[in-house]
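I have placed the structure first, in the form of structure tokens, so that the comments after it can refer back to it.
The values are calculated or read from the model by the stated rules, or taken from the named source; none is laboratory data. As the structure is a prediction and not an experimental result, all values here were calculated from the model. Cβ placement follows ideal geometry from the backbone for every residue including glycine, while neighbour counts extend to all protein chains displayed. Calculation scope for accessible area: heavy atoms of the full protein, side chains included, ligands and nucleic acids excluded. Shrake-Rupley method; radii C 1.70, N 1.55, O 1.52, S 1.80 Å.
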There are 2 protein chains.
Amino acid sequence: MNDHVSSINEYLLFCKRITQLSKALWKTIEKDWQQWIKPFDLNINEHHILWISYHLKGASISDVAKFGVMHVSTAFNFSKKLEERGLLEFSKKENDKRNTYIQLTDKGKDIFEQSLKAFNPENSSIMHGTMPLHDLYGKFPDLIELTTMIRNIYGTDFMSIIDNVSIDNNDEKHDAIEQK
Amino acid sequence: MNDHVSSINEYLLFCKRITQLSKALWKTIEKDWQQWIKPFDLNINEHHILWISYHLKGASISDVAKFGVMHVSTAFNFSKKLEERGLLEFSKKENDKRNTYIQLTDKGKDIFEQSLKAFNPENSSIMHGTMPLHDLYGKFPDLIELTTMIRNIYGTDFMSIIDNVSIDNNDEKHDAIEQK
């Protein structure tokens, strides 16, 4: 076997490994998420949009698409449905007429906070899968290799929403992100 | 903030982090995969079924569903389409009449091997995102924390297809898996 073939094999083996791990992880998270938000009559795209809007006050549709890893049309269409239910409002900014911005209404904020309160780690397969590491490390795993891969692909900006924004909706941190 | 609230916050922060990482990873892999197999007129479920059947000779539909992380009905319906295209065959085993088994035809094996040959790491965003780690470590990252989480959720059996089966279709290793 020459070096070229050996190297393609190495790529393919890693490709297979990361594909299996990624699909298994995402399917588990998707299922957990659907179960979690079932009582709120929201699908996961809608809940994700509420989540991002809750953190990035006055997020543009393109911010939602970027941080939510969804097509702009998906972000727009589900935002429209949330607007029709009175959970968020569309607006334009004086200094930026091109982009559409969304902002949670009080009702939207309320339903999102209710969903956070309803989160029960006991019902989450991901939490069950992670607790042995948590117990061993004394904290949740950093997943530093995976995080590095995602940073390389999506950029530092994308990581800011993962790493810096607490669920307490800390204004200073949002401002820092918005200024970028 | 009392201990209970602090702990729920910790769960939610990790939940947000792993959700963002997982969605970003899977969407990238999905896109890479679709691009890769476009010339073969296969969708990713169909290619995944060929992949699993190629490794686990005589896989049952429930094996395909399990290792492919898909519903049994999805595994069955796409296998049916592959059968109609002459890429695999259905069969029953003498000693196990309940399960339906699938096996690649020569045409199916050929198209799958062609797809492996067409794999070009240059076109893969995941490979671009991983190469800085590969260059630093001198090998692809082990993603040991992620692997541990998936093993905890899906079981050791699921991991066998990730860890033991080489793309060279090594008979001894398959036999070991089949005997489990």
Mean accessible area per residue over the range A:1-72 (1.4 angstrom probe, all protein chains present, square angstrom) is 39
Expected field for B:TRP33, accessible surface area in Å² at 1.4 Å probe radius, rounded to 10, holds 10
With only helices counted (DSSP H, runs n ≥ 4, each -39500 (n - 2.57)), the per-residue ellipticity at 222 nm for chain A, to the nearest 500, works out to -21500 deg cm²/dmol
Binned at 5 Å from zero, the C-alpha pair distances of the range B:41-118 give percents of 3, 17, 32, 26, 15, 5, 1, 0
The pairs in A:LYS16/A:LYS57; A:LYS23/B:LYS81; A:LYS31/A:LYS109; A:LYS23/A:LYS97; A:LYS109/B:LYS31 lying past 31 Å Cα-Cα in this model are A:LYS16/A:LYS57; A:LYS23/A:LYS97; A:LYS109/B:LYS31
Kirkwood radius from Cα pairs of the protein assembly as shown plugged into Stokes-Einstein at 10 °C, 1.306 mPa s, gives D in µm²/s equal to 71
Buried accessible surface, A vs B, both sides, probe 1.4 Å, in Å² to 100, equals 6800
Quick shape check on the range A:1-143: root eigenvalues a ≥ b ≥ c of the Cα gyration tensor, a/c under 1.5 is rounded, otherwise prolate if a/b tops b/c, else oblate, and it reads oblate
In the protein assembly as shown, taking the dipole from +1 charges on Lys and Arg beta carbons and -1 charges on Asp and Glu beta carbons about the Cα centre, the listed residue (B:ALA59, B:PHE14, B:PHE40) farthest towards the positive end is B:PHE40
In whole percent, the fraction of accessible protein surface over chain A that belongs to carbon or sulfur atoms, probe radius 1.4 Å, stands at 48
